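The values are calculated or read from the model by the stated rules, or taken from the named source; none is laboratory data. Everything quoted here is computed from the prediction, not taken from an experiment. Heads up, the Cβs are rebuilt from the backbone with ideal geometry, glycines too, and the neighbour counts pull from every protein chain shown.
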Amino acid sequence: MLIVEKAEEVFSLKNYFTSPSHHTPDSTLGITYEFRSAANLEEALNIYNGFYPDIILVKLGSKLDELISFCTEIRELDGTRHTGIVLLQGASTVDPNLAVRCLESGADEYIDRKASPREVCARVHAVFRFKIANDELRSANHRLLIQSLTDELTGLHNMRSFGKEYDKIFERALSQGSGFSIMMLDLDKFKMVNDTNNHLVGSYVIGEVGKMIAESCSHYPGVIPARYGGDEYIIVMPSDNPQATMELAENIREKVEEAPFVYDGCVVNMTASIGFAWIPSGYKGDTETPIKAADMMLYRSKEQGRNQVRGMMLRNAVDFDHIGRLHLVNGDTSRDHNHVARLSNIKFF
């Protein structure tokens, strides 16, 4: 609690809240107060910015415009605007509309100067209870939001969240003239894990690979990893060169290959195939094409032996729906000259 009052008054106000005679049912909730004090509103703001109290108790003596400015400044801050503000009427207060004006300015409670110490405590406790309930509600809503955007098994973004983040990165790349990459990963012969062991072991492997991906991606700013579905993962990475994308992909591939997955007495060894599409600055195309390109490169990685990384650079939009998969998987344009023009925008890695 931050008390704004003259020094000699602060001591008595503190005693209100520490006196055993003023204990309320809040005591059973473990509610205790830590105090700070300020002689005026200017000093209070300076203290507030480092202390962030749950309650501010102001004994009126300041000019109303200063008080309104004080309340407004606190209410405008996203991180602190839920602080409870309690105003205690001063001895010299004469404005009959002061209570309404203070509450309209953002105060949560206005206490008449005739209130007993017990009533002051009760009213402050009521504001504090509301503050706690509001904090818990906002925290619960935040958890629900995170859950709605997170894949439960891996802790990565789900596709709903990924779609939003991918759109942001795509639009930023186009507007700022920067590049980005889309990467897709698939666990090799994963079906055998479920067939040989059980689906709990398979779920464990998927979750652990998700953790590996998250750890690797954490070293690259702005990277968004997500679970695409089943044992497939997708990553979008702001990148102005394909080397960084290849580096991240190889890091993930090596982690999967080197780690034994041990669960309920079962030991599983896995490898992963990865495909990516690097989109340099100046790309002109839609959001789906880079994902299709990464998916094609994932299949290229599979077809060329698994447990490897394959990629392409995509400068312009390509009609993947009318290019045979064989041409993209093999990078071979010699079999059909009609595909040469379409593949001229692609460079393989």
Options Glu215, Glu247; residue that is part of a helix (DSSP H, G or I), surrounded by fewer than 17 Cβ atoms within 10 Å (Cβ to Cβ), in contact with a helix residue (DSSP H, G or I) (Cβ under 9 Å, 6 or more places away or on another chain) and of a type outside the set (Phe, Trp, Tyr): Glu215
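Could you tell me which of the residues Val120, Val193, Val127 is part of a helix (DSSP H, G or I), over 18 Å from the mean Cα position of the chain (by Cα), within 25 Å of Ser216 (Cα to Cα) and modelled with pLDDT under 95?
Every option except Val193 fails the conditions.
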Considering residues of region 284-304 that are within 18 Å of Glu232 (Cα to Cα) and of a type in the set (Lys, Arg) only, the residue surrounded by the most Cβ atoms within 10 Å (Cβ to Cβ): Arg300
Sole exception among (1) touching a residue at least 12 places away in the same chain (Cβ under 8 Å); (2) under 27 Å from the mean Cα position of the chain (by Cα); (3) surrounded by fewer than 16 Cβ atoms within 10 Å (Cβ to Cβ) for Val223, by number: (3)
Criterion: within 29 Å of Ser281 (Cα to Cα) and either buried (at least 16 other Cβ atoms within 10 Å of the Cβ) or touching a Leu at 6+ places or on another chain (Cβ under 7 Å) (or both) - qualifying residue of Asn197, Asn158: Asn158
Unmet requirement for Asn307, which otherwise passes all of (1) surrounded by 15 or more Cβ atoms within 10 Å (Cβ to Cβ); (2) modelled with pLDDT of 95 or more; (3) of a type outside the set (Asp, Glu); (4) within 25 Å of Met159 (Cβ to Cβ): (4)
Residues of region 130-155 that turn out to be hydrophobic (A, V, I, L, M, F, W, C), surrounded by 14 or more Cβ atoms within 10 Å (Cβ to Cβ) and within 17 Å of the chain's Cα centre (by Cα), as a count: 1
